[in-house]
Amino acid sequence: MRVLLALFVAGSVACAIVVARAEPAPDPAKGVDGIAAWLNQVTGDCTDVRKGEDFAAFAGPVRAKVYGPYIAEWGTCVKPPYERLGLLVLRPGLEEAWRGAMARGEVRGDPDLVFGDGFAITGSTGMEHLGLKRLECTPAACSLIQIKHH
């Protein structure tokens, strides 16, 4: 009986590891559509994808100035509680740009984005289950921190 139980437990752990590694991830190479498809697959939400809108009107002039040069593509989708959730495909350098803007007094605190590998999303509510990170910055340094489950 103990052998069967040990095999069952070992098999369950192995299955859990395979499932954890098989967790889907967005492909930023597929652009905003890839991020939206991933969100839809994982959460069942991210509908009505829109592209080509004015980023400054969406994010505000200060964030548009800081984020803009580091966005390869952007769009929005509907994902409750957000009517317009921003999906950003990133170029390298956003962390340094935010830190520089902090040092110049243009922004305070941390960016209102959550980050994945090569992309960011503008919302934070409900994102803790997606394996995303938030960027914590001081004028001297920025660090990506895993979002904790509450």
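Coordinate-derived values only; no laboratory data. It should be emphasised that the depicted structure is a prediction, and the values quoted were computed from it without experimental measurement. All Cβ positions, even for glycine, are placed from backbone atoms using ideal geometry, and neighbour counts span all protein chains on display.
Just a few scattered comments:
- In this Cβ point-charge picture (+1 for Lys and Arg, -1 for Asp and Glu), the range 100-150 has a dipole of about 80 debye about its Cα centre.
- Highest to lowest packing among 24-33, 111-120, scored as the average C-beta count within 10 Å: 111-120, 24-33
- Of the GluC sites (Glu not before Pro) in the range 76-142, the ones in a loop by DSSP (not H, G, I, E or B) with at most 15 other beta carbons within 10 Å are Glu106, Glu128.
- Phi to ³J(HN,Hα) by Karplus 6.51 cos²θ - 1.76 cosθ + 1.60 over the range 36-41, Hz, x for Gly, Pro: 4, 5, 5, 4, 5, 5
- Note that the range 100-107 has calculated 3J(HN,Hα) couplings of x, 5, 5, 4, 7, x, 6, 9 Hz, one per residue in order, obtained from phi through the Karplus relation 6.51 cos²θ - 1.76 cosθ + 1.60 (θ = phi - 60°); glycine and proline are x.
- Partner aspartates and glutamates whose Cα lies under 17 Å from the Cα of Lys65, excluding those fewer than 8 positions away in the same chain, are identified as Glu53, Asp54, Glu73, Glu95, Glu96, Glu106, Asp110, Asp112.
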